[in-house]
Amino acid sequence: LATRENKSRIDRKDFEQAADRVLLGPKREDVLNEDAKRRTAYHEAGHTLVGWFVPQADPPSKVTIVPRGRTGGVTWIPPDEDRYHHGLDFFKAQLAVAMGGRAAERLVFGQPFAGVEGDLKQATRMARYMVTHWGMSERLGPMSFRVGEEHIFLGKEIQESRDFSEDTMAIIDEEVKKLLNEADHRAFELLKERRDLMERLVNALMEKEELLKDELEALLGPRPNGQAEEAKALQLNSDNGQTRA
């Protein structure tokens, strides 16, 4: 990449472009028209804003509307290496981020578009694991259910025989639907409250096509610190004579 630009040395930009090519695929030659490009910008802005303002989620490090591989745009959210154990709040935040693109389309255009299939598949898979494998449903309690499901991390289907009733399966479906609807509502309301920031972000994407984390911070302001808020809550409980596990 550096040689093609007649550079004498490799710099950070070359590494970032190389990573994009490996992780996201090569740039597509097709050119999006203005309407499609702006719709993509709103979609990615939705993911980015929800990821930025929900402190329990991993922070976005880059957003782009450059078509690559099979995608029209990408919000890149690498996992935080300092976090090894994730709780219910983290996964609910991740669901909201996954719903951010669809929520932005509904808010701006009054309807969802077909390009959200990947987001919905990812969110549904995560919600089902929350309910059936990680005991994150109060209604079902601390139980794990054997369900043939595509593995959320390995990306392959693991077939297991079902060891519960049809009634329990119906409850599982209801709990998964509840988590997804809550995430969708959370994303929509957050974007509705920050519509001005979304327009600012979309205009920046239309101009530059790609924004890095420092540029996002300049546009959106400092990101809420979930750990700081948790520490504040712990101190408040301590002051009130309460303890928390």
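The values are calculated or read from the model by the stated rules, or taken from the named source; none is laboratory data. Quick caveat, the model's predicted, so the values are computed rather than measured. Every residue, glycine among them, receives a Cβ derived from its backbone with ideal geometry; neighbour counts consider all protein chains shown. Note: accessible area is taken over every heavy atom of the protein model, side chains too, but ligands, DNA and RNA are not part of it. Shrake-Rupley method; radii C 1.70, N 1.55, O 1.52, S 1.80 Å.
Among the listed residues 13, 92, identify the single one that is open to solvent by 30 Å² or more (accessible area, probe 1.4 Å), charged (D, E, K, R), assigned to a helix (DSSP H, G or I) and at pLDDT 90 or above. Walk me through it before giving the result.
Numbers: 13 fails: at pLDDT 90 or above.
Going through 13, 92 in turn, the sole match is 92.
Which of (1) open to solvent by 40 Å² or more (accessible area, probe 1.4 Å); (2) within 22 Å of residue 202 (Cβ to Cβ) is the odd one out, the single condition residue 103 does not satisfy?
(1)
Report the residue count in region 203-245 for those that are among the aliphatic types (A, V, I, L, M), at pLDDT 90 or above and over 16 Å from residue 50 (Cβ atoms).
Count: 3.
If I filter region 66-89 down to residues being open to solvent by 70 Å² or more (accessible area, probe 1.4 Å) and not in a loop (DSSP other than H, G, I, E, B), which single residue comes out as modelled with the lowest pLDDT?
Among those residues, the one meeting the criterion is 76.
Out of everything in region 120-161 that is modelled with pLDDT of 65 or more and on the phi > 0 side of the Ramachandran plot, what residue ends up being most open to solvent (accessible area, probe 1.4 Å)? Please lay out each step first, then the result.
Taking region 120-161 as the starting set, the residues that turn out to be modelled with pLDDT of 65 or more are 120-147.
From what is left, the residues that are on the phi > 0 side of the Ramachandran plot are 135, 141.
Values: 135: 33, 141: 17 Å².
This residue is 135.
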